[in-house]
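Structure first, commentary second.
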Amino acid sequence: MVDSKPILQDRPPAYHAVPGAYEYGPPQHGYGAIPTPAPPPYQYPDGGQGYPVAQPGMAVSQQPYAATYTVIQPSVVVVGGCPACRVGVLEDDFTCLGILCAIFCFPLGILFCFALRQRRCPNCGATFG
């Protein structure tokens, strides 16, 4: 059985041998060229008006400028976060009185149990009620 596939060459053709490889369209005018330098600054005529010209050997003193920077950090408020240490997350704990109310005054005692909860921080141990 003979295969009808064409035999491939050993290497692919070189890039410059491919027709149309570097044809990118008409060249753009000024693209990639080095821009011309900026014109020199305006020379004021020496008419004696305005400020006196400083001599090269003359020292010019300037008043020091004390800059102060104020950095304002945004405050991130974590819902349920501990207001004392700002690290821990508050957990709900039921008080002994709330549990006793839930047991002995069953239907309404559950409402008292939830009303008498304390929030405690596991990080610093602070309790909020």
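The values are calculated or read from the model by the stated rules, or taken from the named source; none is laboratory data. Just so you know, these numbers come straight off a predicted model, no measurement behind them. So basically every Cβ, Gly included, is an ideal-geometry build from the backbone, and we count neighbours across all protein chains shown.
Summary of computed values
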{"quantity": "Count of the stretch 71-95 residues which are surrounded by fewer than 10 Cβ atoms within 10 Å (Cβ to Cβ) and at pLDDT 80 or above", "calculated": "1"}
{"quantity": "Those residues of the stretch 72-129 which are on the phi < 0 side of the Ramachandran plot and of a type in the set (Lys, Arg), in sequence order", "calculated": "Arg117, Arg119, Arg120"}
{"quantity": "Selected residue (criterion: surrounded by the most Cβ atoms within 10 Å (Cβ to Cβ)) from residues of the stretch 96-126 that are within 38 Å of the chain's Cα centre (by Cα) and touching a residue at least 12 places away in the same chain (Cβ under 8 Å)", "calculated": "Cys121"}
